[in-house]
1. Only one of 289, 295, 266, 277 is in contact with a helix residue (DSSP H, G or I) (Cβ under 9 Å, 6 or more places away or on another chain), at pLDDT 95 or above and part of a loop (DSSP other than H, G, I, E, B). Can you tell me which?
2. Those residues that are part of a strand (DSSP E or B), touching a strand residue (DSSP E or B) at 6+ places or on another chain (Cβ under 7 Å), among the aliphatic types (A, V, I, L, M) and more than 12 Å from the ligand (Cβ to nearest atom), I need them from region 125-175; list them, please.
3. Please determine, by comparing only the residues of region 244-295 that are touching a strand residue (DSSP E or B) at 6+ places or on another chain (Cβ under 8 Å) and of a type in the set (Lys, Arg), which one is farthest from the ligand (Cβ to nearest atom).
4. Out of all the residues in region 214-223, is one or more touching a Gly at 6+ places or on another chain (Cβ under 8 Å), within 14 Å of the ligand (Cβ to nearest atom), within 23 Å of residue 186 (Cα to Cα) and not assigned by TED's automatic domain parsing to the domain that holds residue 121?
5. Residue 228 versus (1) more than 11 Å from the ligand (Cβ to nearest atom); (2) closer than 21 Å to residue 85 by Cβ; (3) surrounded by 13 or more Cβ atoms within 10 Å (Cβ to Cβ): which is the lone unmet condition?
6. Considering region 298-338 alone, what residues qualify as being touching a Ser or Thr at 6+ places or on another chain (Cβ under 6 Å), among the β-branched types (Val, Ile, Thr) and in a helix (DSSP H, G or I)?
7. If you take the residues of region 421-435 that are of a type in the set (S, T, N, Q) and either in contact with an Asp or Glu (Cβ under 9 Å, 6 or more places away or on another chain) or in a loop (DSSP other than H, G, I, E, B) (or both), which of them is nearest to the ligand (Cβ to nearest atom)?
8. Has region 346-359 got at least one residue that is basic (Lys, Arg), free of Cβ contacts under 8 Å to residues at least 60 places away in the same chain, under 27 Å from residue 233 (Cβ atoms) and part of a helix (DSSP H, G or I)?
Amino acid sequence: MKIVCIGAGYVGSVTAAALAALGYKTTVVDMDRMKVEQIALGNSPIYEPGLGELIKMTAGRTLFSSMSYEAVREADAVFICVGTPSAPGGSADLTYYRQAVSSIARHLDPARLTVIVNKSTVPVGTAGLAVSLLEDEGWEAGRQVSVVSNPEFLREGLAVEDVFHPERIVVGVSDRRSGEIMRDLYLPFIERRYPEALQAFLKDHYPRNKTRSAYMETDPRSAELIKYASNAFLAVKISYINEIAQVCEALGANVREVARGMGLDSRIGSRFLQASSGWSGSCFPKDTSELLATSAKYGCELTVVRAAVEANQAMHRYVVAKIRRRLRSLYGKTVGILGLTFKPDTDDARITQAASIIRQLAELGADIKAHDPQGIPMFRRVNPDLPVRYCTSLEETADRSDALVLLTHWQEYIEPDWEQIRSRMRGSYLLDTRNVWDAGQLREMGFQYEGIGLGDSSE
Ligand code: UDX
């Protein structure tokens, strides 16, 4: 099978590298020359653990990159993996998506069926919209071209593991032939029939992953909605535990214990119940706002999702209020922020808890120092107005700080050299919004430690 992936971002580069590792001849198309060149050289265009190795294994053999759409002519399937950011008003902006569809339309082979696969998260009804765009260009749907909805569920930072061990593959099709092509394409993923070199790579990196994959075929609209409904549900789950964390602090309970007890009920499940400073990232904020916008357009008010979004914003404010309670006036105080990406193991800093929390702290007069192992370049680029002194290490961030606030639990922050940090800080307040540091040890060392929702004797 021959594949084209349009877009070499967080979804496209992982999808393309995975399909190429399976042995499919795969071409990634992007308008960013840098990304295209990086892939051709065998390098990853983004920071994503494992991806560099995968691209090195495949570049020039089964993985190719280009700025032109030429490869579409011989492709069996064309995956659209372009960005669909939020437009003003909350709906997804389909500019890049529409451009991709019309560029594909100019390069299709009229003699056979090409399947266009929507991997980008697109509003419900977009597969139908693409079909009409293609029909307007003179293509016959079902015979020359089919549009399939195949949402991605990859988690940034774990995307390479997820792409080879998916829990579910959801495919929304409107004709039998495209359904068969998609099933053939995914069969090796479902049956874990991977080439030897890939098996060795997976055994080396994810030896314990025993996930089984469910393959679900449905109609395009339902497939599109599955993505939004899933992400909104997860956002609700986190907002919920974060509100419970606030109650824990008020009532003297421990949110980690409460979440552990809740998670023992398999109907609830233990995952996505970790209290934090709130959720963020390139999916949850944009997908919840698109779901709310589209539902409202059709007369449906999703009060639960709306409440989750509001609770999340309130959670960012709650963190700021906690810092204020300890430091009192923030004027002239230096707050060190650890973690500028929305989660560890990614350089993605497009939409982050850090931006919201830093903005509020700066408005209250605090001086901000910050560090992140991968996220500083992007964070700086998307937040040019934030007054932040960027540091090259955790220790430098601690230097003369009145408080250190952990927002993202990167591995290198988990067990730092506390003696050194204590001697470098001006104050002693630590706020651990991921509840990963050892409260007892830190208090013994003279730190004023606080977590989130740890309202028991440890608070
Ligand atoms: C999410 C979905 O999980 C994935 O299936 C989809 O394809 C894309 O969107 P991602 O955005 O990479 O993935 O991040 P995820 O791991 O889901 O975390 C989202 C946010 O929630 C992060 O800010 C994370 O720190 C936060 N979070 C997650 C919590 O605060 N607590 C939790 O228990 C879990």
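The values are calculated or read from the model by the stated rules, or taken from the named source; none is laboratory data. Model, not experiment: these values are computed from the prediction. Ideal geometry is used to build each Cβ from the backbone, glycine not excepted, and the neighbour counts take in all protein chains shown.
1. One residue alone meets the criteria, 277.
2. So the first thing to find is which residues in region 125-175 are part of a strand (DSSP E or B), and the list is 141, 145-149, 168-172.
Filter again for touching a strand residue (DSSP E or B) at 6+ places or on another chain (Cβ under 7 Å), leaving 145-149, 168-172.
Narrowing further to those that are among the aliphatic types (A, V, I, L, M): 145, 147-148, 169-171.
Scanning region 125-175 gives 145, 147, 148, 169, 171.
3. It comes out as 256.
4. Looking for residues that are touching a Gly at 6+ places or on another chain (Cβ under 8 Å), within 14 Å of the ligand (Cβ to nearest atom), within 23 Å of residue 186 (Cα to Cα) and not assigned by TED's automatic domain parsing to the domain that holds residue 121, one finds at least one in region 214-223, hence yes.
5. Among (1) more than 11 Å from the ligand (Cβ to nearest atom); (2) closer than 21 Å to residue 85 by Cβ; (3) surrounded by 13 or more Cβ atoms within 10 Å (Cβ to Cβ), the lone unmet condition for residue 228 is (1).
6. Scanning region 298-338 gives 305, 309, 319.
7. First pass over region 421-435, keeping only residues of a type in the set (S, T, N, Q): 423, 428, 433, 435.
Within this subset, residues satisfying the condition of being either in contact with an Asp or Glu (Cβ under 9 Å, 6 or more places away or on another chain) or in a loop (DSSP other than H, G, I, E, B) (or both) are 428, 433, 435.
Values: 428: 26, 433: 9, 435: 10 Å.
Among those residues, the one meeting the criterion is 433.
8. Taking region 346-359 as the starting set, the residues that turn out to be basic (Lys, Arg) are 350, 359.
Cutting the leftovers down to free of Cβ contacts under 8 Å to residues at least 60 places away in the same chain gives us 359.
After this cut, where a residue has to be under 27 Å from residue 233 (Cβ atoms) as well, the list is none.
For region 346-359, residues basic (Lys, Arg), free of Cβ contacts under 8 Å to residues at least 60 places away in the same chain, under 27 Å from residue 233 (Cβ atoms) and part of a helix (DSSP H, G or I): absent.
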